[in-house]
Amino acid sequence: MNRLLRHLPCALFLLCALAWVLPAASETVGSMNDASQHMEYVWLVPVLAAAVLWARRRAFVAALGAPEPLRALPLILLAAVFFFLGARGGQSRFVQTAAVLLLLAAPLACWGRGAFRVAWFPVVLLAFVMPVGFLDNFTVPLRRASVTVTAVILNGLGIDVQQQGTAILSAGATPFQLDVADPCSGIRSLVALFVGTAAYGAFMLRGVWRRWALFLSSLPIAFLGNILRLLLTAFTCKLWGQSAGMVLHDNALFIVAPIYALCVFWLTDLLRRGDRPEEALPTPPPEPSPRLRRVNAALLCALALALPAFRAWVDAQPEAVYESAAFIAPDFAPIEGYDLQYPWFCQGRDCPWWQAYDVEGKPPEACPLCGGTAFDRMSRAERDILPADTVTRKAIYTMPDGTDFTVAVVVAGHSRRSIHRPELCLPAQGYVLSERDVRTVLPSLPMALFSIHLKQETRTRGFAYLFLNADGVTVSNLRRVVGDTLERSLHNRIRRWAMVTIRCDALDFRTPEGEAALRRFMEDWFPTLWADKAAPHD
């Protein structure tokens, strides 16, 4: 009975920790079911973490000692900061980070340092359930390196190809084109390999350096596997055409994954040579004095009760003040010398019809193709994806020389999901992007410029964007997200961010003539975007 009473504070702490873990689990399930995240491997992460902990169960039981809640307190406080910022700022990754930190603190708080040393690794594995979309900013070098090596190999084998950024073009008897978008950069394969090698090394290897060697081997294995997938796709395109190559590309994982596994198995076998005998079980820690045990148990109970209380306090915070979007003009203004048109879209889910109409024109009430409802400024796909309170406006300005600029302004609503980085949205629409180029288009007004083209096309278009609110503009999505999170969580205010995009099908903004045309257009149009005041700058 005495032994059971000693474990009651630990059970209470673990039970109360669910107040922070369950929201993170819900966010993880949502990410796993989001096809755009390419996170099909996520369900394996908790399974592998549980398997590693089970494999270490004897060592864990042997290391069980008295609670050390004071030592765990810094981790719990750090988790509380992440939970607050995540819950109030709408950042799911912060909520997931808080759950991992709390689970990391649990063995230390409940059973002491020995249990923490055994359990920290499988708990840290759970961090891999978080979406890795933010890493897309860093995949351009990885993509370019994969494409460069693949192009060199293909040319060396007599298949004449050219590299254009992150695309491979062949214009021989059987022309084909391979575009290495972010999902094809190898970053998802790399993360999945990180999880697999970390867990497998924990089972099969002893010694820190051996496990780290296997873990870091994920980098070259994923890189070489990505090159192999590109080579197989290129060979198939060359022999049987583009469509056959795309079929192989979409199913290449079934070919590459066994090769990944064989590489990991071979390297593990190599690292096991000369491995030392199995490690002895840890020595049980000394028992604390009865008085210290009672103090730690009381403190652990207090921390346990504080977890759901803190969650309740966060949930009880007043709703953030929703700012007005009055700093932006309510509609696009005509510009002298420019023709202004508005695009109208069919609202049928499977109908691609859209048409631009002059301001004085009379659009049809029904789609001429399918008879569905016609609506200006927003397609049905955008209406389905974006939160209902997102404000979207689109217009087409035609310069005197006939050059068209398609302008879109997306004003965020309550949800941070109202605005997505174009680097993520455009590939989902079938576009291939060049490397981002930030240039100062007007004094103190930076814009992010891209060359874009549809798959199977070689003609490039110009694309540019920036983010803005009532106080300034930026091209940094990180600055926007961090600023929005702090405003929501610390100042209880939802800033109305807007994303402005400019597209031109006739010009590439990264060329001198394209940048000059964009600058002339922005000089005329950008001041009209603001309502009753001068436009702020970065």
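The values are calculated or read from the model by the stated rules, or taken from the named source; none is laboratory data. All figures in this text were calculated on a predicted structure; none of them were measured in a lab. With ideal geometry, Cβ positions are generated from the backbone for all residues, glycine too; neighbour counts draw on all protein chains shown. Surface areas here come from the heavy atoms of the whole protein model, side chains and all, with no ligands, DNA or RNA. Shrake-Rupley method; radii C 1.70, N 1.55, O 1.52, S 1.80 Å.
Overview of results
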| read-out | value |
| --- | --- |
| Any chance I335 is in contact with a Ser or Thr (Cβ under 7 Å, 6 or more places away or on another chain) and of a type in the set (V, I, T) | yes |
| Candidates P290, P318 - the one that is open to solvent by 50 Å² or more (accessible area, probe 1.4 Å), modelled with pLDDT of 80 or more and either in contact with a Ser or Thr (Cβ under 7 Å, 6 or more places away or on another chain) or under 30 Å from E487 (Cα atoms) (or both) | P318 |
| Members of region 434-465 found to be without any contact (Cβ under 8 Å) to a residue 24 or more places away in the chain and either of a type in the set (S, T, N, Q) or on the phi > 0 side of the Ramachandran plot (or both), listed by number | T440 |
| Subset of region 418-448 that is in contact with a Gly (Cβ under 9 Å, 6 or more places away or on another chain) and farther than 28 Å from Q341 by Cα - its residue that is most open to solvent (accessible area, probe 1.4 Å) | E435 |
| I452 within 30 Å of C237 (Cβ to Cβ) and touching a Leu at 6+ places or on another chain (Cβ under 9 Å) | yes |
| Residue in region 400-410 that is over 19 Å from F509 (Cα atoms) and assigned to a loop (DSSP other than H, G, I, E, B) present | no |
| Which listed residue is touching a residue at least 24 places away in the same chain (Cβ under 8 Å), closer than 27 Å to P46 by Cβ and open to solvent by 70 Å² or more (accessible area, probe 1.4 Å), from L305, L271 | L305 |
| Residue list for region 403-412, filter: farther than 16 Å from R479 by Cα and open to solvent by less than 30 Å² (accessible area, probe 1.4 Å) | T403, F405, V407, A408, V409, V410, V411 |
| Residues within region 203-227 that are free of Cβ contacts under 8 Å to residues at least 12 places away in the same chain and either of a type outside the set (A, V, I, L, M) or surrounded by 19 or more Cβ atoms within 10 Å (Cβ to Cβ) (or both), tallied | 3 |
| Set Y397, Y431: member being of a type in the set (F, W, Y), at pLDDT 90 or above and on the phi < 0 side of the Ramachandran plot | Y397 |
| Candidates L230, L299 - the one that is buried (at least 18 other Cβ atoms within 10 Å of the Cβ) and over 30 Å from L490 (Cα atoms) | L230 |
| Count - residues of region 236-248 that are without any contact (Cβ under 8 Å) to a residue 40 or more places away in the chain and within 20 Å of V152 (Cβ to Cβ) | 1 |
| Criterion: of a type outside the set (A, V, I, L, M), touching a Gly at 6+ places or on another chain (Cβ under 8 Å), at pLDDT below 90 and open to solvent by less than 40 Å² (accessible area, probe 1.4 Å) - qualifying residue of S379, S415 | S415 |
| Qualifying residue in region 342-353 (condition: closer than 22 Å to R520 by Cα and surrounded by 12 or more Cβ atoms within 10 Å (Cβ to Cβ)) | yes |
| Helices (runs of 4 or more DSSP H) fully within region 13-103 counting 1 or more residues that are under 24 Å from V295 (Cβ atoms), touching a His at 6+ places or on another chain (Cβ under 9 Å) and charged (D, E, K, R) | none |
| Candidates G361, G372, filtered to the one that is buried (at least 16 other Cβ atoms within 10 Å of the Cβ) and without any contact (Cβ under 8 Å) to a residue 60 or more places away in the chain | G372 |
| Contacts under 8 angstrom Cβ, first residue in region 408-426 being of a type in the set (K, R), partner part of a loop (DSSP other than H, G, I, E, B) and open to solvent by 10 Å² or more (accessible area, probe 1.4 Å), 6 or more apart | R416/G90; R416/Q91; R417/L386; R417/P387 |
| Residue in region 455-471 that is modelled with the lowest pLDDT, counting only those that are surrounded by fewer than 15 Cβ atoms within 10 Å (Cβ to Cβ) and not β-branched (V, I, T) | Q456 |
| Qualifying positions in region 77-94 - open to solvent by 10 Å² or more (accessible area, probe 1.4 Å) and not charged (D, E, K, R) | L77, L78, A80, V81, F82, F84, L85, A87, G90, Q91, S92, F94 |
